[in-house]
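The values are calculated or read from the model by the stated rules, or taken from the named source; none is laboratory data. Nothing here was measured: the structure is a model prediction, and the numbers come from that model. Heads up, the Cβs are rebuilt from the backbone with ideal geometry, glycines too, and the neighbour counts pull from every protein chain shown. Accessible surface areas use protein heavy atoms only, side chains included; no ligands, DNA or RNA. Shrake-Rupley method; radii C 1.70, N 1.55, O 1.52, S 1.80 Å.
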Amino acid sequence: MTDKFPDSKDVEPNYTSYLTDESALVHGHADKIFFPFTEEELQKIVVKANQENISITISGGGTGLTGGRAPLGGWIIATDEMTQIVSYSKSKKIFKDKELNKSLEYHIEKISDELAYLTIPVSITIKSIQNLVKELGWFYPPDPTERGAFIGGTIVTNASGVRSFKYGVTRTWVQKLRVILPNESITIQDRNKQEKLGKKTNIVIVTNEKDLLIPRPDYSLPKVRKNVAGPVIKDDDQPIDLFIGSDGIFGVITEVTIKLIRPPVQIMSMILFCESFDQALKIINFSQKKRSHNIYPIPLSVELIDHNAVELLKPVNSQIPKETHTIIYLEQDTYDVEKKIDDLEFWIKTFDGFGIQDSWVEDSFVGIEKHKEFRHSLPEIVNSMVKRHGQAKLGTDYSVPDHLTKELYKLCQEIGKKFQMYRDNNGNFELPSHVLWSHAGDNHVHLNFLPKNKEESLFAKSLMVEMMYEIVKMGGSISAEHGLGKKKFLNKNALYFQYNEEEIEKIKKMKKIFDPNGILNPGVLFD
Ligand SMILES: Cc1cc2nc3c(=O)[nH]c(=O)nc-3n(C[C@H](O)[C@H](O)[C@H](O)COP(=O)(O)OP(=O)(O)OC[C@H]3O[C@@H](n4cnc5c(N)ncnc54)[C@H](O)[C@@H]3O)c2cc1C
């Protein structure tokens, strides 16, 4: 190590954007901001912070939706300049992402014709990864919508995307991590060198100093496909999994190795115009059954846009059939070009069978991008309309077990109706009271309340609390993909709506072993 301590900068006036994130939930404060270039520099900052008992908040791409990276005092460690990798010093290469004007080190190792490992620095964005792997002829399946997120941020939030229906969430694709722990040590977590936990009650974290024995929490986890409400550890998991979806409370990730597969030969994108919600529900159930019984063809993604949202889209897109009630967005990938026509025929027949009259199908790159734009235009329209009224959309991130699809939408309808009635009693407004879009195949809903003023915003929050209680009763998760960060309801950290005090004490106990002085990401998950 060199002796020089990394330079810091004042947060004011140039770096105030680091005091919040995309959610704007928390506007924090900090004494200094550091932009380390290397793992060594980052570790020095962590060591000093630990020795002087100074809080540190880690910043990734700042696209988080939970206030996670907003500091509550102390120092910010921004990972933006972490473009180097420590491993593979002799065989690493440089990727020049012209689009983002950034040079990044990487290393690729082909394991078989179908699998490769890509080692990358923590500040690489999802967009850069997609550009790089395309150039290399590989494919990284996780596809969170916000491509400005850094890989580090997506790992601690275990981000997911439209295609998680088939490919699973980020966790599935993480092979190895380098992590600086707030107790000043470094751990290298490599799946290939770790056993599954099985019924073990302690998790051993091997570090460059002494091993840490982490008592495994025994609370029962939501039985859902997507869950980032607090740390998730199952029998099939390995020690590395403790850091994935941890909301950044255990350590600072500095380098990542992800798994890549070969890209599909063809992707087909289908937008289905359903005349009733029931038609949409049939497609969701049908797709879920295909996945659980592993029956080809399994869709890549199954997304839903509800009636209120469809009505919002109709004036800006005259091609949407008038009778449309609900929209389903479905993608199908093909690894065998010969099967493409069969797949298409299969889906057309299926839609006919469910009485779906109208659909758009695209299989060209341009066509698929057009469909994506169509889908992404919805949150953009909604956000800009709500912002015009000085308010922010309030959205849920809840998921429930596979067999409760119908019950989930019934609950959304009831809660939505309550908000609608509140709106009706308080005067009209250009926007609907709420719109819903969902990662339907995974029973994961974003029910979005669109408040027109502060009173409505408060009422929406009370409905979100009411809904959280119901979701937990259903065995669901109050955060499927965004994490809980610094979210609070009724002055309580959101985590207290998922677990009881005793269970949360177990998470605190785990954190204490990694972070005896409580310096890392204070305010995340608990105060
Ligand atoms: C328009 C929009 C669409 C979105 N779509 C999706 C989506 O489809 N799926 C999805 O899952 N999410 C989505 N998100 C949410 C967001 O993009 C993800 O949560 C993302 O993973 C955050 O990454 P980030 O790098 O921006 O993290 P940040 O916001 O910078 O930080 C998030 C948290 O991670 C911690 N952290 C960051 N880097 C590290 C590190 N190296 N080590 C330890 N802790 C760290 C921070 O301290 C903070 O607590 C969306 C957000 C927006 C604005």
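All conditions in (1) touching an Asp or Glu at 6+ places or on another chain (Cβ under 9 Å); (2) more than 15 Å from the ligand (Cβ to nearest atom) hold for residue 98, with the sole exception of (1).
The residues of segment 373-397 that are open to solvent by 30 Å² or more (accessible area, probe 1.4 Å) and in a loop (DSSP other than H, G, I, E, B), listed by number, are 389, 390, 391, 392, 393. Selection of segment 504-517 for residues being in contact (Cβ under 8 Å) with a residue 60 or more places away in the chain and either open to solvent by 40 Å² or more (accessible area, probe 1.4 Å) or small (Gly, Ala, Ser) (or both) yields 506, 509, 513, 516, 517.
Restricting attention to segment 482-495, does a residue exist that is in a helix (DSSP H, G or I) and within 16 Å of the ligand (Cβ to nearest atom)? The answer is yes, given that some residue of segment 482-495 is in a helix (DSSP H, G or I) and within 16 Å of the ligand (Cβ to nearest atom). Between 102, 110, the distinction of being free of Cβ contacts under 8 Å to residues at least 12 places away in the same chain and assigned by TED's automatic domain parsing to the domain that holds residue 170 belongs to 110 only.
A quick yes/no check of all residues on (1) surrounded by 22 or more Cβ atoms within 10 Å (Cβ to Cβ); (2) touching a Pro at 6+ places or on another chain (Cβ under 9 Å); (3) within 28 Å of residue 43 (Cα to Cα):
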residue	(1), (2), (3)
213	no, no, yes
220	no, no, no
223	no, yes, no
228	yes, no, yes
237	no, no, yes
242	yes, yes, yes
245	yes, yes, yes
250	yes, yes, yes
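If you go through segment 273-311 and pick out every residue that is open to solvent by 10 Å² or more (accessible area, probe 1.4 Å), over 14 Å from residue 323 (Cβ atoms), part of a loop (DSSP other than H, G, I, E, B) and not hydroxyl-bearing (Ser, Thr, Tyr), you end up with 5.
Go through the residues of segment 496-513 one by one and say whether even a single one is over 23 Å from residue 218 (Cβ atoms) and not charged (D, E, K, R).
Scanning segment 496-513 turns up no residue that is over 23 Å from residue 218 (Cβ atoms) and not charged (D, E, K, R).
Checked against the criterion of being outside any loop (DSSP other than H, G, I, E, B), modelled with pLDDT of 95 or more and away from the ligand (no atom under 15 Å from the Cβ), the candidates 177, 197, 260 yield just one match: 260. Looking only at segment 375-399, residues that are in contact with a strand residue (DSSP E or B) (Cβ under 7 Å, 6 or more places away or on another chain) and more than 13 Å from the ligand (Cβ to nearest atom) come to 3 in all. For segment 111-120, the criterion of being within 16 Å of the ligand (Cβ to nearest atom), open to solvent by less than 30 Å² (accessible area, probe 1.4 Å) and aliphatic (A, V, I, L, M) is met by at least one residue. Which of the residues spanning segment 3-38 are modelled with pLDDT of 95 or more and among the acidic types (Asp, Glu)? Once the filter is applied, which keeps residues that are modelled with pLDDT of 95 or more and among the acidic types (Asp, Glu), segment 3-38 yields 7, 10, 12, 21, 31.
Which of the strands (runs of 3 or more DSSP E) contained wholly in segment 54-157 include at least 1 residues that are closer than 23 Å to residue 241 by Cβ and of a type in the set (A, V, I, L, M, F, W, C)?
56-59, 116-121
Taken over segment 10-69, residues that are within 14 Å of the ligand (Cβ to nearest atom) and on the phi > 0 side of the Ramachandran plot amount to 3.
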